[in-house]
1. For the stretch 72-92, name all the residues that are outside any loop (DSSP other than H, G, I, E, B) and free of Cβ contacts under 8 Å to residues at least 12 places away in the same chain.
2. Which numbered condition trips up residue 100, out of (1) modelled with pLDDT of 95 or more; (2) touching a Phe, Trp or Tyr at 6+ places or on another chain (Cβ under 9 Å); (3) part of a loop (DSSP other than H, G, I, E, B)?
3. Is there any pair linking a residue in the stretch 99-114 that is exposed (fewer than 13 other Cβ atoms within 10 Å of the Cβ) and small (Gly, Ala, Ser) to one that is modelled with pLDDT under 95 and not in a loop (DSSP other than H, G, I, E, B), with Cβ under 6 Å and at least six apart or on different chains, and which?
4. Could you go through the stretch 58-65 and let me know if any residue there is surrounded by 10 or more Cβ atoms within 10 Å (Cβ to Cβ), under 23 Å from the mean Cα position of the chain (by Cα) and at pLDDT below 90.
5. Within 21 Å of residue 59 (Cβ to Cβ), surrounded by 15 or more Cβ atoms within 10 Å (Cβ to Cβ) and not charged (D, E, K, R): which single residue out of 77, 136 fits that description?
6. Looking at residue 155 and the list (1) over 18 Å from residue 173 (Cα atoms); (2) modelled with pLDDT of 90 or more; (3) crowded, with 18+ Cβ neighbours inside 10 Å, which single condition is not satisfied?
7. Residues in the stretch 115-128 that are among the hydrophobic types (A, V, I, L, M, F, W, C) and surrounded by fewer than 17 Cβ atoms within 10 Å (Cβ to Cβ): how many?
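The values are calculated or read from the model by the stated rules, or taken from the named source; none is laboratory data. Model, not experiment: these values are computed from the prediction. For neighbour counting, all protein chains shown are included, and Cβ atoms are generated from backbone atoms with ideal geometry for every residue, glycine included.
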Amino acid sequence: MASFNTVAGCVLASALFAMVVGKVSNALVHPHKLEKPAIAVSDEAPQTAAAAAPAQELPPIGPKLASANVDAGKAIFQKQCFTCHTVDKGGPNKVGPNLWGVVGRKKGSHEGFSYSSGMQAKGGEWTYEDIDHMIFKPTAYIKGTKMAFAGLPKEQERADVIAFLRTMSDSPQPLP
């Protein structure tokens with residue numbers, strides 16, 4: 001019976017200690033009540049950022065391609081794109097498809113690569129303008145793309161990369 005009394009005493013003492021600590025902490029720290037909620041709750045359906053903001057209109061890339069620097073494009077490609085893509089003729093696919101001969105190639109068609117349904121549904125062939133939009137903001141150009149790349153915001157860098165990709169072909173497509 002003595003052990004039951006000891007255990008009961010310890011439980012009661014612990015509860016009393018917790019109550020005293022709570023009262024002292026409330027006396028020392030005064031919570032600040034907000035005038036309005038920090039997070040607004042709405043009954044409206046949520047909108048995605050892409051749906052809320054209109055797609056950014058890009059100027060035509062053709063004029064920039066005439067003065068694009070292929071060597072600068074190669075350097076940008078090796079820094080930004082090479083992790084996921086190869087450009088060697090007959091080279092392997094990585095996380096992204098091999099880009100040899102991409103200009104003029106049918107979208108979502110590189111053999112051995114599993115494309116997203118958004119890419120497969122896009123249709124058409126890769127034009128200079130399409131590539132420009134894709135490397136500007138991939139997720140805005142193709143909804144549901146697997147390409148996890150933020151994009152190249154600078155027009156000259158995009159033109160340089162596109163000029164480099166143009167040279168990665170047996171018969172480069174004519175400039176616009």
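1. Step one: of the stretch 72-92, the residues outside any loop (DSSP other than H, G, I, E, B) are 72-81.
Answer for the stretch 72-92, where residues must be outside any loop (DSSP other than H, G, I, E, B) and free of Cβ contacts under 8 Å to residues at least 12 places away in the same chain: 75, 78, 79.
2. (2)
3. No pair meets every condition.
4. Yes: one or more hits.
5. Values: 77 fails: within 21 Å of residue 59 (Cβ to Cβ).
On inspection, the qualifying residue turns out to be 136.
6. It fails just one condition, (3).
7. First, pick out the residues of the stretch 115-128 that are among the hydrophobic types (A, V, I, L, M, F, W, C): 119, 121, 126.
If we keep only those that are surrounded by fewer than 17 Cβ atoms within 10 Å (Cβ to Cβ) too, we end up with 121.
So the answer is 1.
Residue by residue, here is whether (1) at pLDDT 95 or above; (2) assigned to a loop (DSSP other than H, G, I, E, B); (3) surrounded by fewer than 17 Cβ atoms within 10 Å (Cβ to Cβ) holds:
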site	(1), (2), (3)
140	no, no, yes
147	no, yes, no
150	no, yes, yes
161	yes, no, no
164	yes, no, no
172	no, yes, yes
176	no, yes, yes
